[in-house]
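Worksheet for the structure shown next.
The values are calculated or read from the model by the stated rules, or taken from the named source; none is laboratory data. Note that the structure is a prediction, hence the values are computed from the model and not measured. Ideal geometry is used to build each Cβ from the backbone, glycine not excepted, and the neighbour counts take in all protein chains shown.
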Amino acid sequence: ARDISLEKERRDDIQKSLDREREVGELKSRFVAMTSHEFRTPLTTIKQNVDMINYMLESSDKDAESKYGKFFTRINSEIGRVTTLMNDILLLGRIESGKVEIHKSPTDLQKLIEENILKITHGRADGRNVSFKVIGVNQPIQTDIQLMEQVMNNLISNALKYSDKTIDPEIVLSFESLSFVQIMIIDYGIGIPEKEQKNLFTTFYRATNVRNIQGSGLGLSIVKEFVLMHGGSIDLISDTNKGSTFIVKIPV
Ligand code: ADP
């Protein structure tokens with residue numbers, strides 16, 4: 001016979017703290033979802049009213065665009081920034097609570113990437129572009145198109161954002177392996193300090209060398225979650241002031 005009351009007490013304590021942690025987690029998710037939603041609604045109203053004032057000004061004053069245009073552009077861009085932040089926070093909350101589902105269908109990744117590049121680079125004031133190369137024979141891959149679009153959108157936008165005034169980024173899509181398709185997003189920008197690379201996929205983490213480049217530190221967390229939902233992987237090779245290469249592998 002053995003007295004196990006101490007062991008049982010310890011097990012009960014662990015269970016209690018686990019329950020408490022889960023409760024706090026749920027409370028946090030609900031709070032984040034509620035506040036993000038509460039921010040988004042007034043932002044939409046503000047945007048509609050700014051657009052309305054802009055429209056009314058332009059119809060009553062022919063020179064309105066030259067006089068006030070830059071103020072409206074600035075307001076709209078800041079509204080856009082906060083809206084994106086709120087959308088990302090809401091999306092992460094949905095991912096964490098398992099509410100984002102994956103719906104795979106045969107996807108032409110070459111077309112998806114070409115369209116994404118065009119969407120991001122079309123009409124850019126700095127005229128920068130992204131070069132794109134396909135290795136091997138393009139074939140449809142089972143992915144969730146919307147999730148993959150977000151993955152590419154984040155990685156391409158980052159490649160441009162963190163490599164201002166350097167050579168244009170490159171993307172290489174490779175069908176060479178039989179078991180996975182590989183997408184490399186290469187830029188020649190500021191790079192990421194080696195010690196910080198392991199933290200990059202954590203929410204709100206931003207490397208110390210970003211200086212005044214705007215961002216929230218949420219994009220890569222979303223990217224990683226979406227890649228993992230596909231059973232894939234994401235790796236990074238980077239050198240400060242030389243550039244970064246993100247390597248995404250999606251199983252075939
Ligand atoms: P954000 O760009 O909004 O800050 P992300 O989650 O997309 O958030 O990226 C997290 C951090 O990773 C960035 O703040 C930056 O420090 C670093 N990072 C991501 N992509 C690159 C890149 N291509 N070059 C250099 N640093 C990068």
> Considering only residues of region 153-187 that are of a type in the set (Ser, Thr, Tyr) and surrounded by fewer than 20 Cβ atoms within 10 Å (Cβ to Cβ), which is nearest to the ligand (Cβ to nearest atom)?
Replying inline: SER157
>> Test of understanding: among LEU160, LEU200, LEU236, which residue is of a type in the set (A, V, I, L, M), free of Cβ contacts under 8 Å to residues at least 60 places away in the same chain and in contact with an Asp or Glu (Cβ under 8 Å, 6 or more places away or on another chain)?
In response: LEU160
>> Would you confirm, using the coordinates I've provided, whether ILE141 is out of contact with any helix residue (DSSP H, G or I) (no Cβ under 9 Å at 6 or more places or on another chain), at pLDDT 95 or above, among the β-branched types (Val, Ile, Thr) and within 20 Å of VAL248 (Cα to Cα)?
In response: no
> Going through region 47-68 one residue at a time, which ones are touching a helix residue (DSSP H, G or I) at 6+ places or on another chain (Cβ under 6 Å) and either in contact (Cβ under 8 Å) with a residue 60 or more places away in the chain or β-branched (Val, Ile, Thr) (or both)?
Replying inline: VAL50
> Among (1) in a helix (DSSP H, G or I); (2) at pLDDT 95 or above, where does LYS198 come up short?
Replying inline: (2)
>> Take VAL223 and tell me if it is more than 9 Å from the ligand (Cβ to nearest atom) and buried (at least 16 other Cβ atoms within 10 Å of the Cβ).
In response: no
> Limited to region 115-138, what total is found for residues that are surrounded by fewer than 16 Cβ atoms within 10 Å (Cβ to Cβ) and either free of Cβ contacts under 8 Å to residues at least 40 places away in the same chain or small (Gly, Ala, Ser) (or both)?
Replying inline: 14
>> Checking ARG11 against (1) surrounded by 12 or more Cβ atoms within 10 Å (Cβ to Cβ); (2) at pLDDT 90 or above; (3) of a type outside the set (A, V, I, L, M, F, W, C): exactly one of these is not met. Which one?
In response: (1)
